[in-house]
Number of protein chains: 2
Amino acid sequence: MNPPRDDPPVLQVRDIGSFHIGGREAHLSGLPAREVVFSPGNPPVRVDPNGSFEIEQMYVQHVRLAAPRARQPLLLMHGGGLCGVCWETTPDGRPGWQRRFLEAGHDVFVADAVERGRASWARSPEFFAGEPLFRTKAEAWELFRIGPPGSWQGRAGASAACAGQQFPVDAFDAFMKQSVPRWVGNDAATQAAYDALAAAHGPFALIAHSQGCNFAFRMALARPDRVAAIVALEPSGFPDPAAHELARLSGIPHLFVWGDHFEGHAPWARIRQGLAGWRDALRLSGVRVDELELPAQGLGGNSHMLMMDRNSDAVAARVQAWFVQQGLVV
Amino acid sequence: MNPPRDDPPVLQVRDIGSFHIGGREAHLSGLPAREVVFSPGNPPVRVDPNGSFEIEQMYVQHVRLAAPRARQPLLLMHGGGLCGVCWETTPDGRPGWQRRFLEAGHDVFVADAVERGRASWARSPEFFAGEPLFRTKAEAWELFRIGPPGSWQGRAGASAACAGQQFPVDAFDAFMKQSVPRWVGNDAATQAAYDALAAAHGPFALIAHSQGCNFAFRMALARPDRVAAIVALEPSGFPDPAAHELARLSGIPHLFVWGDHFEGHAPWARIRQGLAGWRDALRLSGVRVDELELPAQGLGGNSHMLMMDRNSDAVAARVQAWFVQQGLVV
């Protein structure tokens, strides 16, 4: 029997592997030992928590092709409260951007930032100050513009999505299984790990999402020789333009990508106003910044989670076309 | 220039992807809101921790070949305090068992058990009872039989390894970056997720390590139709033989693999005594159980971390030979 017509192409993979980068050794002392019952019915075991640990490292998984067509490997940088899984199979089971950009000829690196996913996390509050934050379904539903503000009704099935929503709403609970806790004090360690990654394995083309974009902008400022291009998917933050020499970025083309359903979202209005200022500051410093407003380009209905929306292939194709236009794919 | 002779073969990959499986929706209420400063210098934001969450799911990543030679996909089940990363590139940068068993013709599934790595974890103590445990370097050094009992001297470089040690001792700190915290109360949720995985995507051949072996044995008891074989690398636990109908496993060949440096290790003496009883109970019930004592087979010096020791390729080759012997690879 012949395979169905829409079978994805077989990938010629030269290497698949992973590593941790960044981080440091840290020590605990003076904490009391405690009794732990490892298996119900067994006697308790005395556990001394003091000693040495590795903390603040980042995890990176890479898939390299036998014959990549892109000039640099692509690094996918996830957003807040998520890890690299957001680039893999979509919550409703379609190929994600990791797979699509491999098909498009890129070696693909996927990071799990410090404290997220396979990067692991360290004892809190001794090493990670404060408490971890766990995103509720209500917050994700509204902040990610799946439904309008105030639309969450306790469960996804009872909540109204935005009209024409591209997020696969039936897979919202599956998406929430991707959520990982976050602290608010690890940005410096995350940045250090990303910068070390650029130094050791760059130059990269970057696709960053949301919180990840600020790390991408700062990586480029720290190591402009190690960043070939930045695609910023709905960036949520940016460096202080007055504190940096933005002309360092003049050789690095930028593409900002924005979805749909911003109307009535006060937090997003503030974010977009800030990013417009960052965009203008970059342009004034001679940086090429293109903007892809998806609704204006015929792609309506996207949520904040562009890479897993039902039209994720079409959005990826626009990003790939921009890479080709920049001469980054041969 | 010709590539070096030892270049690994190009893999023909039909699919690479991932999903979460298992878990449930859970709810928090009545907790106080708190003020969180997300960026230094910014005003605090009020965060309400109450709401709905997905908890207790497992993460699974799979790589499928265009033309697998194994009759079933292989599922790699990590041990305690670790996640699926232990099967990827070794801490000293060599290809790991994920890669080697792909080369050997298996589709490979790698799980991150509940609470570990990309499976994510839930608020504690509200959802995950008790406190998370963080393994110290001292415990890993001695429990994993890298150095003899009492050999840890505060850092790897100052500590004596066992004579003839196969663990890549210079990469011990890199290995410790793979460590993830653990709780002691999530075994039932982990088992439920593994059993759901077997039901949805099995039958599998299993390679399990340490704590992962007990989940493998129980998966086979729950769904013997979904398990083709079990390779148990230094299993650390087992079900109560009196509580199960072991004849259910009679069609499932088992291979137990043991490394070196057990002398003088009281915890390992207890573990091996227990597992000998489990082995004998299986055999009495008609289950084929082979044992591979690596030192007796000419492979000396292995630590508990067989899959990342310097002779990991040779150990993998013995396991693959056993799969072939069982008729599981065509």
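The values are calculated or read from the model by the stated rules, or taken from the named source; none is laboratory data. Every value quoted in this text rests on a predicted model; they were computed, and no experiment measured them. Every residue, glycine as well, gets a Cβ built from its backbone with ideal geometry; the counts of neighbours run over all protein chains shown.
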Subset tally (residues that are among the hydrophobic types (A, V, I, L, M, F, W, C), buried (at least 18 other Cβ atoms within 10 Å of the Cβ) and either without any contact (Cβ under 8 Å) to a residue 40 or more places away in the chain or closer than 30 Å to A:P203 by Cα (or both)) for the stretch A:251-288: 11
Pairs where the first residue, in the stretch A:38-54, is more than 7 Å from chain B (Cβ to nearest Cβ) and without any contact (Cβ under 8 Å) to a residue 24 or more places away in the chain and the second is among the β-branched types (V, I, T) and assigned to a strand (DSSP E or B), C-beta under 6 Å, 6+ apart: A:V45/A:V36
For A:V169: the one exception among (1) away from every other protein chain (no Cβ under 14 Å); (2) under 15 Å from the mean Cα position of the chain (by Cα); (3) β-branched (V, I, T): (2)
Any hit, the stretch A:153-166, residues being under 28 Å from B:G17 (Cβ atoms) and within 8 Å of chain B (Cβ to nearest Cβ): yes
From A:R123, A:R135, residue being facing another protein chain (nearest Cβ under 7 Å) and assigned to a loop (DSSP other than H, G, I, E, B): A:R123
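Determine which member of the set B:V180, B:V184 is in a loop (DSSP other than H, G, I, E, B) and closer than 27 Å to A:G93 by Cβ.
On the way: B:V184 fails: closer than 27 Å to A:G93 by Cβ.
Criteria check complete, one pass: B:V180.
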Residue match in the stretch A:147-154 (condition: in contact (Cβ under 8 Å) with a residue 24 or more places away in the chain and among the hydrophobic types (A, V, I, L, M, F, W, C)): no
B:G30 of a type outside the set (S, T, Y), on the phi > 0 side of the Ramachandran plot and more than 10 Å from chain A (Cβ to nearest Cβ): yes
Extreme residue, surrounded by the fewest Cβ atoms within 10 Å (Cβ to Cβ), among residues of the stretch A:98-144 that are on the phi > 0 side of the Ramachandran plot and at pLDDT 95 or above: A:G105
Wholly enclosed strands (runs of 3 or more DSSP E) of the stretch A:227-330 bearing at least 2 residues in contact with a His (Cβ under 8 Å, 6 or more places away or on another chain) and at pLDDT 95 or above: A:227-233, A:289-293
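To keep it simple, each residue is scored yes or no on (1) of a type outside the set (V, I, T); (2) within 30 Å of A:F128 (Cα to Cα).
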| position | (1), (2) |
| --- | --- |
| B:T136 | no, yes |
| B:E142 | yes, yes |
| B:F167 | yes, no |
| B:R182 | yes, yes |
| B:A189 | yes, yes |
| B:A205 | yes, no |
| B:A232 | yes, no |
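So, of the residues in the stretch A:39-97 that are assigned to a strand (DSSP E or B), at pLDDT below 95 and not basic (K, R), which turns out to be nearest to the chain's Cα centre (by Cα)?
First, the residues of the stretch A:39-97 that are assigned to a strand (DSSP E or B): A:45-47, A:51-65, A:70, A:74-77.
Adding the requirement that they be at pLDDT below 95 leaves A:45-47.
Right, trim to not basic (K, R) and you get A:45, A:47.
Values: A:V45: 40, A:V47: 36 Å.
In this case the residue turns out to be A:V47.
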Positions within the stretch A:55-74 being under 16 Å from A:V330 (Cα atoms) and either surrounded by 24 or more Cβ atoms within 10 Å (Cβ to Cβ) or of a type in the set (A, V, I, L, M, F, W, C) (or both), in sequence order: A:L65, A:A66, A:A67, A:A70, A:L74
Pair list, Cβ < 7 Å and 6+ apart or interchain, from the stretch A:307-330 residues that are more than 12 Å from A:R100 (Cα to Cα) and in contact (Cβ under 8 Å) with a residue 40 or more places away in the chain to residues that are surrounded by fewer than 18 Cβ atoms within 10 Å (Cβ to Cβ) and among the acidic types (D, E): A:W322/A:D290
Residues of the stretch B:145-173 that turn out to be within 22 Å of A:R34 (Cα to Cα) and either buried (at least 17 other Cβ atoms within 10 Å of the Cβ) or of a type in the set (D, E) (or both), as a count: 1
Filter result (touching a residue at least 40 places away in the same chain (Cβ under 8 Å) and in a loop (DSSP other than H, G, I, E, B)) within the stretch A:201-226: A:G202, A:P203, A:S210
Residue that is nearest to the chain's Cα centre (by Cα), among those in the stretch B:104-120 that are more than 10 Å from every other protein chain (Cβ to nearest Cβ) and part of a loop (DSSP other than H, G, I, E, B): B:A113
Top-ranked residue in the stretch A:68-103 [being more than 9 Å from chain B (Cβ to nearest Cβ) and aliphatic (A, V, I, L, M); ranked as farthest from B:H62 (Cα to Cα)]: A:A70
Subset of the stretch B:206-229 (residues that are in contact with a helix residue (DSSP H, G or I) (Cβ under 6 Å, 6 or more places away or on another chain) and not hydrophobic (A, V, I, L, M, F, W, C)): B:R218, B:R223, B:P224, B:R226
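Sort out which residues of the stretch B:188-200 are in contact (Cβ under 8 Å) with a residue 24 or more places away in the chain and out of contact with any helix residue (DSSP H, G or I) (no Cβ under 7 Å at 6 or more places or on another chain), and write them in order of number.
Let us first name the residues in the stretch B:188-200 that are in contact (Cβ under 8 Å) with a residue 24 or more places away in the chain, namely B:189-200.
Correct list: B:A189, B:A192, B:A193, B:A196, B:L197, B:A200.
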